[in-house]
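Structure provided below as C-alpha cells; questions to follow.
Quick note: the coordinates plus some simple rules give every number you see, no bench work behind them. In this text the structure is predicted, and so the values were computed from the model without any measurement. Cβ sites come from the backbone with ideal geometry, for glycine too, and all protein chains shown count toward neighbours.
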Amino acid sequence: MNTTDIANLGAAALREKLARGDLKAVDVAVACLQRIEADEPRVQAWAFLDRDLVMQQAEAADQRRAEGRSLGPLHGLPVGVKDIIDTADMPTENGTIIDAGRRPSEDATIVARLRATGAIVMGKTVTTELANYWPGKTRNPHDPERTPGGSSSGSAAAVAAGMVPLAIGTQTFGSVIRPASFCGVVGFKPTHGLIPRTGVLLLSAPLDTIGVFANSIGDAALLVDALAGHDAGDPATRVAAPPRLSGVAESDPPAGPKLAFVKTPAWGEAETATKEGFGELVEVLGEACTEVSLPDPFTDWPTAHRILMQAEMARNLETYYRRKEGLSEQITSALESGMAIGATDYLAALACREMLSSELDRLLDRYDAIITPAAAGEAPEGLASTGNPIFNGLWTLCGVPAVTLPLLTGPNNLPVGVQLVGRRGEDGRLLRTARWLSEALRQAGQDASVVLGGKP
C-alpha cells in the first residue's frame, strides 16, 4: 500500500492489518507524518510533534511484534493528544504562554493507558488558551478561513485532515462535539466520569469530560474502550468493570430505535439551513422519530452551567490568575466572575444539575436517544472565535453521553453534525443507535445535498 492509502484507512482497518502483519507500525507512522508535513502549514493542528520520537515508538511496536510478544488493542495506531493532557516525554503547555516549556514528570492516566495498549502517542494537538474561549492557531481543514471549533481544535482538525486516525479531546461546554461538527468527523463525549482525568488540566470537576475524535463510530468506541475505567486519582470514576463499547456499538438493536427530536431552548439560535436540514431528517425517519419538548426548568440550564464552570475555574486556575499578565482578557474576566459567585448560588447550580439529569432519565425511559443539532450550523467564518457551544452545554451539565455524526451539509458545502444524546452509563447503547441512524439514512438513499450519510 502507498502512504496515501494507509493514511486514509480508519483505525479498525489499520488495527487488523497491523495485527496480521500486513502493515508495520513504521509504515503507518510514516504515512501520518507525510500527511502532516503536507497539510500542517495550512491546518496547524499540532502544538508539539517530534518525528524522531514518533519513529522510535513505531520501531519499538514492530520489535514487540517481531519478538512474538502480546499486542495491545491499539497496537501501532497513532493517536493525537490534546495539549492539556500530561505527557512525560513531551511538553504540555495548556495553550498558554505561562506554561511555555512545561515538562510534566509523569503521564496522565489516559496517556499511560494509551502506551499500555500499544498506541503511538503522535504528539500534542492544539488547544485554546487553558481549554477555554481564546482561539489557538488551528484552522478548519475544509476552509482555512473558518474556525475548527474549540477547545479541542487541533484534535478535531488532525483527524479531519487524515493526520491521525484517532485523537483525544476534552469537553467542559462543547469542546468535543462542536469541533467535530465543524470539522466533519465523529466526536464522542462519553458519560461524565467514564474516562479518568488524572493528569489533565482541571477546569470544572462537575463538567470536565474526556472525549474522542475518529472517522467512524466503531473507531471512537475502540479508543474509549482503551481509556475507560476506574482510576483512584479521579473520584468521578466508578469502581466497576470497564465498558466494552465496541461490541455493543457494532451489534444490531433488538428493535428499531425510537428517537426524540429535541430542539432545546437554543433552537432560535440555529441557522435556517440547520433547521431545514433537521426538518427533512425528521421527515425521513418517520415513525422512528417524535418531536419532544423539554419541560420549563430546562430553560435555566445556562445559568447553572455558567456558575459551575466559572466558580470551579476561579478555584482551579487561581495560580494562573496570579500571573494574569500572561492571560487573555476573556479568561481573566471569566475568572473574576467566578470569584464573585457565592456558595448558595453554587449549591443551587449543583441541585439544578441533578434535577435536570433526573428529568432526562425520565425522558429516556421512553426513547433510545435524543436527536438534536451538534452546532448552530457550519463552522463560522473568521478565526477570532471558536463558535457557539449553545447546543452542547446542557448535555455536558447533565453528564450524559453525546455523539455527533457528519450527516448534514450546509449551504457552503461544509459539514453540520447531527448530535445524539443518551442516558448516563448507557454509552454502548447510544453508539449502537448512532450507527443504526447512519445506516438507516444511507439506505434511504436521500439527496446528498441534504443527508450525507457520514461514516458509520
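Which members of the stretch 141-154 meet the condition of being in contact with a Ser or Thr (Cβ under 7 Å, 6 or more places away or on another chain) and part of a loop (DSSP other than H, G, I, E, B)?
Narrowing the stretch 141-154 to residues in contact with a Ser or Thr (Cβ under 7 Å, 6 or more places away or on another chain): 147-154.
Matches in the stretch 141-154: 147, 148, 149, 150, 151, 152.
Is the stretch 88-97 home to any residue that is surrounded by 19 or more Cβ atoms within 10 Å (Cβ to Cβ), more than 26 Å from residue 220 (Cβ to Cβ) and charged (D, E, K, R)?
Within the stretch 88-97, one or more residues are surrounded by 19 or more Cβ atoms within 10 Å (Cβ to Cβ), more than 26 Å from residue 220 (Cβ to Cβ) and charged (D, E, K, R).
Please find, among 249, 240, 226, 214, the residue that is out of contact with any Leu (no Cβ under 6 Å at 6 or more places or on another chain) and either of a type outside the set (S, T, N, Q) or surrounded by fewer than 20 Cβ atoms within 10 Å (Cβ to Cβ) (or both).
Residue meeting the stated conditions: 240.
Filtering the stretch 120-140 down to residues that are in a loop (DSSP other than H, G, I, E, B) and of a type in the set (A, V, I, L, M, F, W, C), which residue is surrounded by the most Cβ atoms within 10 Å (Cβ to Cβ)?
The first filter runs over the stretch 120-140 and keeps only residues in a loop (DSSP other than H, G, I, E, B), leaving 126-128, 132-139.
Now restrict to residues that are of a type in the set (A, V, I, L, M, F, W, C): 126, 134.
Values: 126: 29, 134: 19.
Among residues in the stretch 120-140 that are in a loop (DSSP other than H, G, I, E, B) and of a type in the set (A, V, I, L, M, F, W, C), the one surrounded by the most Cβ atoms within 10 Å (Cβ to Cβ) is 126.
Okay, residues lined up against (1) over 29 Å from residue 146 (Cβ atoms); (2) among the small types (Gly, Ala, Ser):
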{"site": "7", "(1), (2)": "no, yes"}
{"site": "20", "(1), (2)": "yes, no"}
{"site": "51", "(1), (2)": "no, no"}
{"site": "54", "(1), (2)": "no, no"}
{"site": "82", "(1), (2)": "no, no"}
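Right, another one. How many of the residues in the stretch 145-172 are closer than 26 Å to residue 270 by Cα and crowded, with 24+ Cβ neighbours inside 10 Å?
Taking the stretch 145-172 and keeping what is closer than 26 Å to residue 270 by Cα, we get 145-157, 159-160, 169-172.
So of that shortlist, the ones also crowded, with 24+ Cβ neighbours inside 10 Å come out as 147-157, 159-160, 169-172.
Total meeting the criteria: 17.
Counting only residues that are in contact with a helix residue (DSSP H, G or I) (Cβ under 7 Å, 6 or more places away or on another chain) and either surrounded by fewer than 23 Cβ atoms within 10 Å (Cβ to Cβ) or more than 20 Å from residue 430 (Cβ to Cβ) (or both), how many does the stretch 197-211 have? Give the derivation first.
Filtering the stretch 197-211 down to residues in contact with a helix residue (DSSP H, G or I) (Cβ under 7 Å, 6 or more places away or on another chain) leaves 198-199, 201-207, 209-210.
Add one more test, that the residue is either surrounded by fewer than 23 Cβ atoms within 10 Å (Cβ to Cβ) or more than 20 Å from residue 430 (Cβ to Cβ) (or both), and what stays is 198-199, 201-207.
Result for the stretch 197-211: 9.
Right, next: Under 6 Å between Cβ atoms, at least 6 apart or on separate chains: pull out the pairs that start in the stretch 55-77 with a residue that is surrounded by 14 or more Cβ atoms within 10 Å (Cβ to Cβ) and end on any residue that is polar (S, T, N, Q).
72/117; 73/117; 74/117
Any chance the stretch 191-210 includes a residue that's within 15 Å of residue 10 (Cα to Cα) and in contact with a Gly (Cβ under 7 Å, 6 or more places away or on another chain)? If you could, list the steps in order and put the result at the bottom.
Initial filter on the stretch 191-210 (within 15 Å of residue 10 (Cα to Cα)): none.
No, every residue in the stretch 191-210 fails to be within 15 Å of residue 10 (Cα to Cα) and in contact with a Gly (Cβ under 7 Å, 6 or more places away or on another chain).
Looking only at the stretch 300-324, which residues are surrounded by fewer than 12 Cβ atoms within 10 Å (Cβ to Cβ) and in a helix (DSSP H, G or I)?
Listed by number, the list holds a single entry, 319.
Quick one: how many residues across the stretch 286-299 are exposed (fewer than 15 other Cβ atoms within 10 Å of the Cβ) and part of a helix (DSSP H, G or I)?
5
Tell me which residues, restricted to the stretch 195-227, are touching a strand residue (DSSP E or B) at 6+ places or on another chain (Cβ under 9 Å) and either in a loop (DSSP other than H, G, I, E, B) or among the polar types (S, T, N, Q) (or both).
Matches in the stretch 195-227: 195, 196, 197, 199, 201, 203, 207, 208, 209, 215, 216.
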